[in-house]
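Undergrad: One structure follows; several queries about it will come next.
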Amino acid sequence: MSQKRILITGAAGFLGSHLCDRFIAEGFHVIAMDNLITGDIRNIEHLFKLENFEFYHHDVSKYVHIPGDLHYILHFASPASPIDYLKIPIQTLKVSSLGTHNLLGLAKAKNARILVASTSEVYGDPLVHPQTEDYWGNVNPIGPRGVYDEAKRFQEAITMAYHTYHKVETRIVRIFNTYGPRMRLNDGRVLPAFIGQALRGEDLTMFGDGSQTRSFCYVADLVEGIRRLLFCDYAQPVNIGNPSEITIREFGEEILKLTGANQKLISLPLPTDDPKQRRPDITKAREILNWEPTISRAEGLRITFDYFKTLSNEELHKKEHRFS
Ligand code: UDP
């Protein structure tokens with residue numbers, strides 16, 4: 001059988017680059033696409049020498065042209081941290097709306113199966129806990145997170161419409177907080193923020209009183225879940241995440257212990273609309289995909305800390321954000 005060709009958007013980002021590695025390892029021809037506004041080419045440069053890898057520097061919000069056959073599309077292009085949404089709100093809206101529309105059109109034209117990256121943010125500040133896929137969410141459309149949350153909700157709507165109306169083979173993964181090597185040190189997310197601060201000898205900036213909760217999934221577990229979802233025949237949204245829930249205060253304490261840092265946690269104001277609690281109900285993923293996370297937080301954090309330790313001193317101290 002001829003080699004299967006897969007388009008991965010957001011390929012130079014944290015999740016996109018791990019997906020490129022996984023599908024290359026499985027023998028696919030990987031067509032990677034990224035406009036590099038939040039992605040980092042260094043995440044995929046080790047793949048450039050391979051024959052079954054190609055890279056398009058392109059913004060998926062504009063018309064997407066891929067010559068030849070295409071069997072699968074993974075749409076993972078989008079800014080994905082609250083700091084990014086604040087700095088580039090219009091691009092955030094466009095990539096999951098116009099970008100998704102373009103890629104659904106491409107999937108239809110090529111008769112390809114498309115999996116789109118949705119998010120636990122579709123649940124907003126959830127009133128149901130843990131979050132099941134049939135919960136419709138509690139989202140503020142005009143708050144600072146609205147540009148991301150509503151674009152992702154639109155993405156789910158248009159994906160289901162293409163599925164129902166055009167019979168495109170679609171998959172929707174709702175991704176909960178994920179961590180691992182290649183996260184951007186200064187993207188404002190809690191894990192790189194805390195590890196960076198620990199390594200620089202600074203106090204850890206806990207927002208609010210730290211009683212808000214999150215549930216962190218190691219990236220390899222997430223990639224396995226996505227792979228299983230892509231190859232199953234279930235078109236409704238599926239949560240993929242690690243149900244092990246922790247408060248941000250406890251998480252900060254774990255990072256201090258892991259890094260051996262003797263700084264303390266300091267409290268800064270809680271950002272607007274910061275969800276108070278988040279934990280995936282993964283019953284569907286267990287039943288439909290026979291999937292559940294296998295990597296404990298202790299193990300995943302150790303691997304991630306080892307990665308951040310390899311960053312140069314210059315990189316570690318480059319505190320300004322990309323768009324500032
Ligand atoms: N957070 C924090 N200190 C930081 C960055 C984030 O206490 O320096 C908190 C943030 O308020 C939120 C949680 O950590 O409650 C997770 O934030 P992140 O931006 O990683 O992801 P999200 O809010 O999208 O889950």
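Undergrad: To one decimal place, what Kirkwood hydrodynamic radius in Å is obtained for segment 197-310 from all pairs of distinct Cα atoms?
TA: On the way: mean 1/r = 0.0633 Å⁻¹.
The Cα-based Kirkwood calculation yields 15.8 Å.
Undergrad: Helix 146-166 versus the longest principal axis of the chain: what angle, 0 to 90°, nearest 10, using Cα atoms?
TA: 20
Undergrad: Using the Kirkwood radius over C-alpha pairs as Rh, can you work out the diffusion coefficient of segment 40-179 via Stokes-Einstein at 37 °C, viscosity 0.692 mPa s, in µm² per second?
TA: Reported coefficient: 203 µm²/s.
Undergrad: Zone of residue 209 (label point 7 Å along Cα→Cβ, backbone N under 20 Å): which residues in segment 231-253?
TA: Flagged as within label range: 246-253.
Undergrad: Enter the mean projected area of the convex hull around the alpha-carbon atoms of the chain, in nm², rounded to one decimal. Walk me through the numbers on the way to the answer.
TA: Details: hull surface 62.9 nm².
Its average projected convex-hull area is 15.7 nm².
Undergrad: If you don't mind, another one. Once you keep just the Cα pairs under 8 angstrom separated by 6 or more residues, what percentage relative contact order results for segment 76-159?
TA: It comes to 39 percent, rounded to a whole number.
Undergrad: If one takes the longest principal axis of the Cα atoms in the chain, at what angle in degrees, from 0 to 90 and to the nearest 10, does the Cα axis of helix 190-200 lie?
TA: The answer is roughly 50 degrees.
Undergrad: May I pose another question? Which lysines does residue 257 reach when only Cα atoms under 18 Å apart count, and residues fewer than 8 places away in its own chain are ignored?
TA: Of all the lysines, those that pass the test against residue 257 - Cα under 18 Å, at least 8 places apart if same chain - are 309.
Undergrad: Using Cα positions and a limit of under 29 Å, work out the lysines in reach of residue 167, with same-chain residues fewer than 8 apart set aside.
TA: In chain and number order, the partners are 4, 62, 94, 108, 110, 152, 284.
Undergrad: Can I ask one more? Are there trypsin sites (Lys or Arg not before Pro) in segment 120-173 that DSSP puts in a loop and that have at most 15 other Cβ atoms within 10 Å, and which ones?
TA: 167
Undergrad: What does the charge dipole of the chain about its Cα centre add up to, to the nearest 20 debye, if the Cβ of each Lys and Arg holds +1 and the Cβ of each Asp and Glu holds -1?
TA: The dipole magnitude comes to about 380 debye.
Undergrad: May I ask for the Rg/Rh ratio of segment 72-150, computed from Cα atoms with Rh as the Kirkwood radius, given to two decimals?
TA: Taking Rg over the Kirkwood Rh, I get 1.02.
Undergrad: In terms of the Cα gyration tensor, with a ≥ b ≥ c the square roots of its eigenvalues, is segment 193-258 rounded because a/c is under 1.5, prolate because a/b exceeds b/c, or oblate? Mind showing how you got there, number by number?
TA: Working: a/c = 3.69, a/b = 2.30, b/c = 1.60.
In terms of gyration-tensor shape, prolate.
Undergrad: What does the net charge come to around residue 224 if you take all other residues with beta carbon closer than 11 Å to its beta carbon, with K and R at +1 and D and E at -1?
TA: With Lys, Arg at +1 and Asp, Glu at -1, the net is +1.
Undergrad: Something else about it: Place the peptides 244-256, 177-189, 291-303, 96-108 in order of packing, highest mean first, counting for every residue the other Cβ atoms within 10 Å and averaging per peptide. Walk me through the numbers before you get to the answer.
TA: On the way: 244-256: 18.0, 177-189: 20.2, 291-303: 16.5, 96-108: 21.9.
Put in order of decreasing packing, that is 96-108, 177-189, 244-256, 291-303.
Undergrad: Roughly how many debye, to the nearest 20, is the charge dipole of segment 145-250 about its Cα centre, given +1 on each Lys and Arg Cβ, -1 on each Asp and Glu Cβ, and no other charges?
TA: Approximately 280 debye in magnitude.
Undergrad: What's the exposure ranking of 18, 163, going from fewest to most Cβ atoms within 10 Å?
TA: 163, 18
Undergrad: Let me ask something else about it. Given the -39500 (n - 2.57) contribution per DSSP H run of 4+ residues, what per-residue ellipticity at 222 nm results for the chain, rounded to the nearest 500 deg cm²/dmol?
TA: Mean residue ellipticity at 222 nm (helix-derived): -11500 deg cm²/dmol.
Every number here is computed from the coordinates shown, using simple stated rules; none is lab data. Remember, predicted model here, so these are calculated numbers, not experimental data. Heads up, the Cβs are rebuilt from the backbone with ideal geometry, glycines too, and the neighbour counts pull from every protein chain shown.
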